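Below is one structure, written out as structure tokens, with a few remarks after it.
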Amino acid sequence: MRESSLVKRGGYFLAFSGLSLFAFLCVLVIPFLYGFFLTFTDWNAISDTFSFVGLQNYRTVFTDKEFLRQFLVTLRYVAISAILCNVVAFTLAYLLTSGIRGQNLLRGGFFVPNLIGGIILGYIWKFMFANVFTQIGKAWGIDWLKTSFLTNPDRAIWAMIIVTVWQYAGYLMMIYIAGFVGIPKDVQEAADIDGAHGFRKLFRVTIPLMIPSFNICMFITLSRTFMTYDLNLSLTNGAPYGSTQLAAMHVYQKAFMSKQFGVGQAEAIVLFVVVALISVTQVLLNKKREVEV
Amino acid sequence: MKNNRFFAFMLTLMLLTTMISVGATAEGDVKLTYYSTSAEVNAMFEEMFERYHEINPNVTIELIPTGVGMGQQEQLQSLFASGNAPTFMNIDPANILDYQDKLMVFDEDTEWFKYLNPDAIEAGRMDGLVYGLPFSTQGYALCYNKRVVESVIPDFDPASINTQDALRAFFETLDAAGVPPTMIHGANWSVGAHYLGLVYAVHGKDTASGLRFIESLIDGTMKIADDPLFQGYMDTYDLLVKYNYRKDDPLVGDINADDQAFANGECATFFMGDWMWTIIGTLESKDLEYGFIPVPWSNDPTAFGNTEVVVSMPKVMCIEVTQSTPEQQAAAMEVLEWMLTSAEGQEYFIQAGFSMPYNNVREDASYNSMTQAIAEYSAVGKTINIGCFTYLTGDAWAKTGDMMLKYTVGAIDRAELAEEIDAFWKTQTKQ
């Protein structure tokens, strides 16, 4: 009796989730494990044969100065983007829940960039930085706009950050708006009656109650910006002279262009571990600060 | 029970789908796939294959197209890895190295190979064996806009620029007349593969000379800074940088904007190749007459490189042997013969503007002025062979090109550039 119910439950489980489980295994788990396996080989992405090289690829990763430099560039890009995305998104959400006129239209407007794919977005902004801003600079005599943002290493990474913020802020804003709307009215009224207004109410009442929203938004920005590839490819393609090549792109170049698949894959594993550690730590830390109402 | 039946059904469905996709063809029919990395002429290949099917109804050729700037290498790698390798394909000569053990070694005694020019058969040679057959010749050097140059120097003769001093004087004359003398395309492939490539290639007419030099950089027995060709070409490069039309913002690297500026006569010369006609040819307003000036590296007018332009065969046709059947390989060989040496096949390439390195191309074929100018250098043997780059890994030009870009904007000086190039080569392994 018990056994048959177990079989039945297993059957239901497979019927409802079998297909997605199969897909999940095929496109995520198996490639991941196979990729991990390849980090111990010297496969060149083309050959039919490869030999085992032990931990050699990992040693190469940690002595590859270029990868380490690009990893630092990536960290800087992620840190600045994550903070700016959230600050902008939170500010937008705050303003667009305060009852200003046309707020629904504005919400939609800010959300639209997220509907455009990273590749298209990159090309649009490449045109803006290289052609539109430079023309404005020349027409109005603004020196710092006369040359493209994308041809100077310091400014090109800022161009990446600007576009990232533009892309994600609207999406995160929606999550924050949900957070704002979800704060119980009675708590807010109690705060008002107690004489907490403006910033005091924001910092002492609103923000502590919105920690779950921050948690989700931080997780989204961290994991997505660490893995940025499409925007990187279409906006700068690493230019000028490789200074804006982020870690994900370096991995790709190493595996497919330099044809050192094992090394590229080992770099991907290192990147995965770092991203997982940072994201999970962030979630765990913030989880402790969540307030139950 | 119901569940089991459901799964049995699903499994059967999956198996059936797989079987159908593998497909079966009628007796005697051959189905071939062709992978093209010449993305700009996908339509041409499609028309050719349709026509071939008309005259040979038992052979069907499916084109696997790629997009300009799309990951062609990765797509080909995944086709091979997934067991769907194309029967035949066109790839860069540099890729022969990667796929060497999977490609057919062509028998040089094949009857119709007599139509190939001697240097054409060399384009697909690797380790003494022929793996690829080219279908086009391209070239690069300093391209000049005849109208613009002749407005300052009437009856200009490109052969008069055979030394560095002559080039300097030429630029000074243009500059004094208010014509921006030259333009550098600020992208790593142009300054890395093409410009810096000259340093390796001019070591000798044959591929081996350039390769020996590269190998001496790899094993550290040579420092690039000690090489007179490097110093000479960098002196010329300084000249190009000084008179660069894009010097206010040299790294924009927008090929459409640069081609357009050149076609409109905004500058007199442009370090680029005749392939830019594929863009310039489509522009509404453009100058039609162009020529090529060699890039001189010294003041000796007889030195190799000072009077030559680079001519290369950028794509070669190859046949796959590990995943295709002997029947498919034989059919692919026949298709190649038709495409490359029959009058009907060649016409498609001629119409698309390719100058074919075959000696039976109809003599009255006419090309645009850029291709024509390169063909004239080729006809008198005034060419530099860039073949040594065939033996390099895919990222050499990108990495060293990025270093050249840093040098272009003054982020590093020449000594630092030389050090970075040396350091890069030391990380490479000898092929």
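All of the numbers you see were taken from the coordinates with simple rules; none came from a lab. Just so you know, these numbers come straight off a predicted model, no measurement behind them. Don't worry about glycine lacking a Cβ; one is built from the backbone with ideal geometry, like all the others, and counts go over all protein chains shown.
Counting every C-alpha pair in the protein assembly as shown, the share spaced more than 41 angstrom apart comes to 43%. Going by neighbour counts of Cβ atoms within 10 Å, the residues B:Asp258, B:Asp413 line up, fewest first, as B:Asp413, B:Asp258. Note on chain A: with charges restricted to the Cβ of Lys and Arg (+1) and Asp and Glu (-1), its dipole about the Cα centre is near 240 debye.
Checking understanding here: applying a Kyte-Doolittle mean of at least -1.0 and a length along the axis of at least 20 Å (C-alpha), which whole DSSP H helices in chain A pass?
Working: long enough: A:2-24 (30 Å, 0.53); A:65-95 (45 Å, 1.24); A:153-182 (43 Å, 1.13); A:211-226 (22 Å, 1.09); A:261-288 (40 Å, 1.45).
Passing helices, by number: A:2-24, A:65-95, A:153-182, A:211-226, A:261-288.
Positive-end ranking of A:Tyr34, A:Gly102, A:Val61 along the dipole of segment A:1-126, with charges on Cβ about the Cα centre, is headed by A:Gly102. A convex hull fitted around the alpha carbon atoms of chain B yields 186 Å³ per residue.
Count the net charge of all other residues whose Cβ sits under 13 Å from the Cβ of A:Thr60, scoring Lys and Arg as +1 and Asp and Glu as -1.
Value of the local net charge: -1.
Compared with the dominant Cα axis of chain B, that is its longest principal axis, helix B:414-426 is turned about 30°. Taking the number of Cβ atoms within 10 Å of each Cβ as an exposure proxy, the fewest-first ranking of A:Thr60, A:Thr39 is A:Thr60, A:Thr39. Taking the Cα centre of chain B as reference, the dipole from Cβ charges on Lys and Arg (+1) and Asp and Glu (-1) amounts to some 940 debye. Segment A:65-288 gives an Rg/Rh value of 1.04, both radii derived from C-alpha positions and Rh following Kirkwood. Computed over segment A:244-293, the range of Cα coordinates on each principal axis works out to 55, 22, 11 Å, biggest value leading.
Exposure proxy for A:Ile30, B:Ile184: other Cβ atoms within 10 Å of each Cβ, ordered fewest to most, give A:Ile30, B:Ile184. Centre-to-centre separation between the Cα atoms of segment A:65-142 and those of segment A:3-18: 47 Å. Between the helical axis of B:164-176 and the longest alpha-carbon principal axis of chain B there is an angle of about 80 degrees. Using only Cα coordinates, the Kirkwood hydrodynamic radius of segment A:199-258 works out to 14.0 Å. Measuring between alpha carbons in the structure, the pairs from A:Lys259/B:Lys205; B:Lys102/B:Lys205; B:Lys242/B:Lys406; B:Lys205/B:Lys382 lying more than 18 angstrom apart are A:Lys259/B:Lys205; B:Lys102/B:Lys205. Looking at the square roots a ≥ b ≥ c of the eigenvalues of the Cα gyration tensor of segment B:253-354, which shape do they give, rounded for a/c under 1.5, prolate if a/b is larger than b/c, or oblate? It is prolate, given that a/c is not under 1.5 and a/b is the larger ratio. Counting only Cβ charges, +1 for Lys and Arg and -1 for Asp and Glu, the dipole size of the protein assembly as shown around its Cα centre is about 4320 debye. Each part reduced to its alpha carbon centroid, segment B:168-226 and segment B:76-103 end up 30 Å apart. Computed from Cα atoms, the angle from the helix B:2-22 axis to the main principal axis of chain B rounds to 60 degrees. Applying the Karplus relation 6.51 cos²θ - 1.76 cosθ + 1.60 with θ = phi - 60° to segment B:120-127 yields 3J(HN,Hα) values of 6, 5, 6, 4, x, 8, 9, 6 Hz, where x marks Gly and Pro.
Rounded if a/c is under 1.5, else prolate if a/b beats b/c, else oblate: with a ≥ b ≥ c from the C-alpha gyration tensor eigenvalues square-rooted, which is segment A:132-255? Because a/c hits 1.5 or more and a/b fails to exceed b/c, segment A:132-255 counts as oblate. With the charge dipole of segment A:65-288 set up from +1 on Lys and Arg Cβ and -1 on Asp and Glu Cβ about the Cα centre, the Cα lying farthest toward the positive end among the listed residues A:Phe180, A:Ala89, A:Ile157 is that of A:Ile157. Once backbone amide H atoms are built at 1.01 Å from N, B:Phe292 has B:Tyr144 as its partners under 5 Å, excluding neighbours fewer than 5 places away on the same chain.
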